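Since every read-out is calculated from the coordinates, none of them should be taken as a lab result. Since the model is a prediction, treat every value here as computed from it, not as a measurement. For neighbour counting, all protein chains shown are included, and Cβ atoms are generated from backbone atoms with ideal geometry for every residue, glycine included.
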Amino acid sequence: MKKMTVVLVILGLLALAPAAVSTQIDLGVPSKTGIVASSSDLAADVGASVLGRGGNAVDAAVATAFAMAVTSPSNGNIGGGGFMIVRLPDGTATTFDYREVAPGKATPTMYLNAQGEIEVSRIHQGYVAPGVPGTVRGLAMAHKKFGRLPWKDVVMPAVALAGKGFTLSKSLASQLNSEIKGRTDNNGRQGPSMKPFPASVAAYGKPGGGDWAEGDTIVLGDLSKTLAAIATDGPDVFYKGWIADRIAEDMAAHGGLITKQDLATYAAKERAPITGSFYGYDIITMPPSSSGGVALVEMLNMLEALNLQKETRQSVRAIHLIVEAQRRAYLDRARFLGDTDFVQVPIDRLTSKAHAKALISTILPDKASSSEELGKDILSSGKLPADEPLETTHFSVVDKDGMAATNTFTLEGGFGSHVVIKGTGMILNNEMGDFNRKPGTTNTTGTIGTPANVIAPGKRMLSSMTPVIIAKNGKLVMVTGSPGGRTIINTVLHVVLGVTAWNLTGREAVDAPRWDHEWMPDRVTFENNALSDTAVAQLKAMGYDIVMRGEQGSAQSVWMHPQTGTAFGIADMRSPDSKASKGGS
Ligand code: GLY
């Protein structure tokens, strides 16, 4: 008994380096007239200008998304998919699922070679990698329901950015140069890039050749024409008109799968949010086809039942409890989650407080659990590494009336499939990689092959994107989300814990160090060497495999000051071009 007390006291000491002391408290960019936080400064400014012209949060979100399809081509898109949650000032909320779907010709084993192994080259780039894009339908659906400004007015700023051109940041110039020239890994192997695709190089290469440099102006003429058609003719031109024709022609010419029929039948879905409660806060988040909402609510339920709040923030004991909650939620994600239009997912059970109680009963006070032991019912043999890219992008909006929109969207990997559809300037996603590509193989490296997320025509691939809105007693508290593949759910968890359990400001919660455990591989990755040597030693002694990594996620957020009600836009500077831009005056 005495020994256990000593262990718990040691585990309760601060394990992470404290944030730098500042004499001025930075809460973010304040606004009473609306705010947009995005990883693209130019797109944040577009959203803010729409707020300034009398647009509401959804108008600004739609305008920001279209602008990001121009200014942030590695992840902003019209050729991909995503999720948006909208909360109205009266507290009601809804979600828009515009995730891509598998083409009609897709099959469960389409990415396996003759030896039954996954051919990653066909997932990472090229014409067989994309799902049927959902972004244009989804943005149009949200706008039709909530938008105040005409559709054309929210799409046209993107048309102008692409047509007149915009100035390249250092980061984007460097990304484009690697895309055009190609990338080689340490063993001299070519990585995925635009290099094999002439239409992509023509669209994004520097005219006349050579490298892009910071400060250069890039003009995307075909993309401007495509966006102008969407602005003028509406979403049907993309799904049933000349843009659909171009996509289907290019696909047919290069062995791709997407047909005119796939595009014509694509439907965005409005769905009821997943809701949870955590220490009196309301959590509003995304249902499947995202796994994020279910997993987030599971983790919060476990941490509330473990009474996390009584622990010292960033202590070894708090880290231990959070990692164990992550481990168990990600195991449920692997076991159960998939597109609910195709498979039954026990959402009510998974998000219940009773389920959380059952899950925490296996957590040991001073020892790491075994992922292998907990998940032996779904594990098979093999060591094929899971490869889920960390790209994607998130932005958050609050308008002057308190309407909130949180949007995460993606092409999957940076620049998606690297394929630009000829004559459109549009980059297509490689989202098919988010399906379980090797049915029946779930292993210790993180490959998942459970039935719920196996490929089927028309099915949405499981996502980790986790846009979230937090409210308390009917009042908006925070709007957030993040990129980062499977790490997304854990990044969002940290931000939510920051402003709820730990009582931090939004700025502090976004800046705080993050860590990630995904059930498999059974290891914890920590950001930025934030963990002290003593803490590493303690966690290792408890049985944890600890890995230090670079930055995790990019949580572009809006936080509402609890006393004044002022909105603070919080640019997460883990992404260098981020900005919180104030709307109106
Ligand atoms: N492609 C990232 C995600 O959907 O989770």
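Tabulated values for the structure
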{"quantity": "Sparsely packed GluC sites (Glu not before Pro) within segment 200-294, loop by DSSP, other Cβ within 10 Å at most 16", "calculated": "Glu214"}
{"quantity": "Packing rank of 471-480, 358-367, where each peptide gets the mean count of other beta carbons within 10 Å, highest leading", "calculated": "471-480, 358-367"}
{"quantity": "Ranked packing of 371-380, 488-497, most packed first, by mean Cβ within 10 Å", "calculated": "488-497, 371-380"}
{"quantity": "Span from the segment 177-212 Cα centroid across to the segment 541-578 one, whole angstrom", "calculated": "32"}
{"quantity": "Normalised contact order of segment 165-214, rounded percent, pairs of Cα under 8 Å and 6 or more residues apart", "calculated": "44"}
{"quantity": "Ordering of 168-176, 414-422 by burial proxy (mean other Cβ atoms within 10 Å per residue, highest first)", "calculated": "414-422, 168-176"}
{"quantity": "Contact order relative to length of the chain, as percent, for alpha carbon pairs under 8 angstrom and 6 or more apart", "calculated": "25"}
{"quantity": "Cα long-axis angle, helix 487-499 against the chain (0 to 90 degrees, to the nearest 10)", "calculated": "60"}
{"quantity": "Between helix 292-305 and the chain: long-axis angle, C-alpha atoms, 0 to 90°, nearest 10", "calculated": "20"}
{"quantity": "Whole-Hz ³J(HN,Hα) from phi, Karplus 6.51 cos²θ - 1.76 cosθ + 1.60, for segment 267-284, glycine and proline x", "calculated": "10, 6, 10, 8, 10, 5, x, 7, 10, x, 10, 8, 6, x, 8, 8, 10, 10"}
{"quantity": "Distance from segment 253-304 to segment 487-513 (C-alpha centre basis), Å", "calculated": "20"}
{"quantity": "Whichever aspartates and glutamates have a C-alpha closer than 20 Å to that of Lys225, once near sequence neighbours (fewer than 8 apart) are set aside", "calculated": "Asp153, Asp233, Asp236, Asp245, Glu249, Asp250"}
{"quantity": "Segment 461-543 - percent relative contact order, Cα under 8 Å, separation 6 or more", "calculated": "18"}
{"quantity": "Candidates per GluC sites (Glu not before Pro) in segment 52-145, loop by DSSP, up to 16 other Cβ within 10 Å", "calculated": "Glu117, Glu119"}
{"quantity": "Calculated from backbone phi, Karplus (6.51, -1.76, 1.60) coupling profile of segment 24-40 in Hz, x at Gly/Pro", "calculated": "9, 7, 8, 9, x, 9, x, 7, 9, 10, x, 8, 10, 10, 8, 6, 10"}
{"quantity": "Rounded to 10°, Cα long-axis angle of helix 242-253 versus longest principal axis of the chain", "calculated": "80"}
